[in-house]
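Every number in this text was worked out from the coordinates using simple rules, so none of it is lab data. Not measured: the values here are computed from a predicted model. Virtual Cβ from ideal backbone geometry, glycine too; neighbours counted across all protein chains shown.
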Amino acid sequence: MSEKLYNKDWFQRTVLIVLALIIVYIMAYAEIIHRAKVEFRNGEEFESQQDYRQALWSYQAVLDFYSTPESKWVRLAREKVVFCQGKLDQAKPAEGEDLFPSVMPSPLPGK
């Protein structure tokens, strides 16, 4: 007597294993997307406080650690990295200018 394929034990086990692997993959994918979103939101929070260096670190983390699935958060982080780098470049002092001027005069001659 010929038994149907879906009634065989090895076939049922194989289907269960494949389904379990698909579920694990989907869960891992969702976790990576969620972590990218959280890190991107942290960057936005730093940016709203005008702490562009910390925001840049957060956006870079999104690009470095969570860019395997090309998600919306990775694309947005790529744009924000350029923005934050531009803001940090604007904050750089001119040649010979001190970024944090002190109240006391410099003990070095010529300054």
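Karplus-derived 3J(HN,Hα) values for the range 46-58, using 6.51 cos²θ - 1.76 cosθ + 1.60 with θ = phi - 60°, are 4, 5, 5, 8, 6, 9, 5, 5, 5, 4, 4, 4, 5 Hz; glycine and proline are entered as x. Listing Val62, Val18, Val81, Val38 from fewest to most neighbouring C-beta atoms within 10 Å gives Val18, Val38, Val81, Val62. For Lys80, the lysines whose Cα falls under 24 Å of its own Cα, not counting residues fewer than eight places away in the same chain, are Lys37, Lys72, Lys92.
Counting neighbouring Cβ atoms within 10 Å and putting the fewest first, the residues Ile23, Ile33 line up as Ile23, Ile33. Using θ = phi - 60° in the Karplus curve 6.51 cos²θ - 1.76 cosθ + 1.60, the 3J(HN,Hα) couplings for the range 8-13 round to 7, 4, 5, 5, 5, 5 Hz; x is entered for Gly and Pro. Taken one residue at a time, the phi angles of the range 30-45 give Karplus couplings (6.51, -1.76, 1.60, θ = phi - 60°) of 5, 5, 5, 4, 5, 5, 4, 5, 5, 5, 5, 5, 4, x, 5, 5 Hz. Gly and Pro are set to x.
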